[in-house]
Amino acid sequence: MDLDEAKPRQISSVIRALDVLSDPWSFLVLREAFFGVRRFDGLQRNLEIARNILSSRLTRLVAEGLLERQLYMARPPRFEYRLTDQGRDFFPPIVGLVTWGDRWRPRKSGPPLDLTHKDCGKTLAPRVVCGACKHPLSPFDVEFENGPGAGTETDFHAPTTRRRDSEQNWLRGRPCSVASTLKVIGDRWSLRILRECFVGVKRFKDFQSSLAIARNILSDRLDLLCKEKILVRRRYQDRPPRFEYVLTPAGYDLYASLVLFMAWGDKWRSPPEGVPLKLRHKLCGQEATPVLVCGNCGGPVRTDNVAYHMHYKFDGQKPAAKSKGAAKSKGAARSKAAAGARKRKPTAPALAKAAAHR
Ligand SMILES: [Zn+2]
Ligand SMILES: [Zn+2]
């Protein structure tokens, strides 16, 4: 029996949002767009992606409403791909994942990017707050209730490629905390399992019944999430031995990113009746709209008020060796690299030379 298609599933904004990014290539193209890479050949060079695959992903991202195709030269006609409002709105959840990746998957050479909040000029240490009372949102002080758009959907597309087939694609191009995180949670099944964890599901048979997932796939994904220290396996019964799966501190810390993806899905992918799930913030009693703000000044975090410095050289081929300073002590290396890092211009000169996509 094909369990993947067998059962209607709950409509979920976080799943709808992350499904957009669950294909490594779509995520990588979107990431390049945030770095200001807009043209076909620039994308192709940065990602070392086959033309037909890139073409299909651009078509898909345009159809999804995340990118728009714009003529930038009339003769011969040349097009570039720009982020739409919907695409730009993915910035806060992606910054959420950057923060998570830097915290829980630190690199010896330090974070690949330093972000600065332009409004206050300080290094961006973002946090997710309740839009109503501005206090930080944690999974322990939020209640769920069904919203007007609650229901089930049957147009679930099970992954067409096996997880391991696409694993390496996540790591193409520039060094990136988000890609290494999505490599783990971006898999459609892993994400669904994680979502169940946040609503209190712990046991194998409960995951199986709520997700209608095949035993071997569930087992594989639970093992992966444990190996990645997002879940931990605990024995809850001795005879016969039985185990349950609970979130680790790193797992709980994914909450902030997931609610930001949920907010994106609520805004851009809700059913016509309204949002599928409402969050109520116990601290203030209000409906909680998760918002990403600067930890220093409390101002909002958007694409246009965050600057970045790259701690790596990226010339469109494979990432070059890290800067000379990075071999020294971590602190010294980071500040030196930060001082020397050039801010990437939206359009590299090389891009202008490249013949563009027709
Ligand atoms: Zn609140
Ligand atoms: Zn700030």
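Looking only at the stretch 242-261, how many residues end up being touching a Leu at 6+ places or on another chain (Cβ under 6 Å), among the hydroxyl-bearing types (S, T, Y) and assigned to a helix (DSSP H, G or I)? The number of residues fulfilling the criteria is 1. Cβ-Cβ contacts under 8 Å between residues 6 or more apart (or on different chains), taken from a first residue in the stretch 130-142 that is over 14 Å from A263 (Cα atoms) and within 16 Å of ligand 2 (Cβ to nearest atom) to a second residue that is part of a loop (DSSP other than H, G, I, E, B) and not basic (K, R), are listed as K134/G298.
Residue-wise test of (1) touching a Leu at 6+ places or on another chain (Cβ under 6 Å); (2) modelled with pLDDT under 90.
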{"site": "A17", "(1), (2)": "no, yes"}
{"site": "R57", "(1), (2)": "no, no"}
{"site": "L61", "(1), (2)": "yes, no"}
{"site": "E80", "(1), (2)": "no, no"}
{"site": "Q86", "(1), (2)": "yes, no"}
{"site": "S109", "(1), (2)": "no, yes"}
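Can you confirm whether the stretch 214-232 contains a residue that is under 25 Å from the mean Cα position of the chain (by Cα) and hydroxyl-bearing (S, T, Y)? Yes, some residue in the stretch 214-232 is under 25 Å from the mean Cα position of the chain (by Cα) and hydroxyl-bearing (S, T, Y). The sole residue among R192, R233 that is under 19 Å from W104 (Cβ atoms) and of a type in the set (D, E, K, R) is R233. Restricting attention to the stretch 125-141 and to residues that are assigned to a loop (DSSP other than H, G, I, E, B) and within 7 Å of ligand 1 (Cβ to nearest atom), the residue that is nearest to A307 (Cα to Cα) turns out to be H135.
Tell me, please, whether a residue that is in contact (Cβ under 8 Å) with a residue 40 or more places away in the chain, within 24 Å of F27 (Cα to Cα) and assigned to a helix (DSSP H, G or I) can be found in the stretch 267-288. Checked against the condition, which is being in contact (Cβ under 8 Å) with a residue 40 or more places away in the chain, within 24 Å of F27 (Cα to Cα) and assigned to a helix (DSSP H, G or I), the stretch 267-288 yields at least one hit. With respect to the conditions (1) under 23 Å from R60 (Cβ atoms); (2) in a loop (DSSP other than H, G, I, E, B), C120 lacks only one, and its number is (1).
Just to be sure, is Q44 part of a helix (DSSP H, G or I), modelled with pLDDT of 90 or more and more than 20 Å from E167 (Cα to Cα)? No. Restricted to the stretch 13-45, and to residues that are more than 16 Å from the chain's Cα centre (by Cα) and touching a residue at least 40 places away in the same chain (Cβ under 8 Å), which residue is surrounded by the most Cβ atoms within 10 Å (Cβ to Cβ)? Among residues in the stretch 13-45 that are more than 16 Å from the chain's Cα centre (by Cα) and touching a residue at least 40 places away in the same chain (Cβ under 8 Å), the one surrounded by the most Cβ atoms within 10 Å (Cβ to Cβ) is V37.
Taken together, E64, E80 contain a single residue that is under 21 Å from the mean Cα position of the chain (by Cα) and farther than 23 Å from G299 by Cβ, which is E64. Residues that are away from ligand 1 (no atom under 14 Å from the Cβ), under 19 Å from the mean Cα position of the chain (by Cα) and among the hydrophobic types (A, V, I, L, M, F, W, C) within the stretch 272-306 comprise L292, C294, V301, V306, listed in sequence order. Can you tell me which residue within the stretch 76-101, out of those that are assigned to a helix (DSSP H, G or I) and surrounded by fewer than 19 Cβ atoms within 10 Å (Cβ to Cβ), is nearest to ligand 2 (Cβ to nearest atom)? So the residue we want is R88.
Only one of the numbered conditions (1) within 26 Å of R45 (Cα to Cα); (2) at pLDDT 80 or above is not met by D238, and that is (1).
Within the bounds of the stretch 141-164, is there any residue that is surrounded by 14 or more Cβ atoms within 10 Å (Cβ to Cβ), within 19 Å of the chain's Cα centre (by Cα) and modelled with pLDDT of 80 or more? The answer is no, given that none of the residues of the stretch 141-164 is surrounded by 14 or more Cβ atoms within 10 Å (Cβ to Cβ), within 19 Å of the chain's Cα centre (by Cα) and modelled with pLDDT of 80 or more.
The values are calculated or read from the model by the stated rules, or taken from the named source; none is laboratory data. For clarity, every value in this text was computed on a predicted model and none was experimentally measured. Cβ atoms come from the backbone with ideal geometry, glycine included; neighbour counts cover every protein chain shown.
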